[in-house]
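Below: one structure, written as structure tokens.
What follows is calculated from the coordinates using simple rules that are stated; it is not laboratory data. This one's a predicted model, so the numbers in the text were calculated from it and none came from an experiment. Reconstructed Cβ throughout: ideal geometry from the backbone, glycine too, with neighbour counts over all protein chains shown.
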Amino acid sequence: MKDWIMIHKIKAMHDEGRGSSIKAISRSLGVSRNTIRKYLRMDEQAVQAYLASPQRSKTLDKTQQ
């Protein structure tokens with residue numbers, strides 16, 4: 001849920017180029033510019049798929065089991 005709120009804030013602040021710049025958004029939210037760009041490039045279906053997909057498994061997690 002937290003991710004959806006952040007994504008909506010980013011998209012609202014940018015407003016398809018008529019709002020704040022990527023740099024200004026990253027400063028105000030404390031998020032990397034690359035993360036801001038990633039979410040701005042995604043449409044709603046891509047965001048849903050990204051958030052619904054399970055996290056990747058890590059090699060170190062497998063060795064500890």
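Please get the size of the charge dipole for the range 2-54, origin at its Cα centre, with Cβ charges of +1 on Lys and Arg and -1 on Asp and Glu, quoted in debye to the nearest 20.
The dipole of the range 2-54 has a size of about 300 debye.
At each listed q (0.19, 0.23, 0.27 Å⁻¹), what is the log10 of I(q)/I(0) that the Debye formula gives for the chain modelled as equal alpha-carbon point scatterers?
The Debye formula, applied to the Cα set alone, gives -0.74, -0.95, -1.17.
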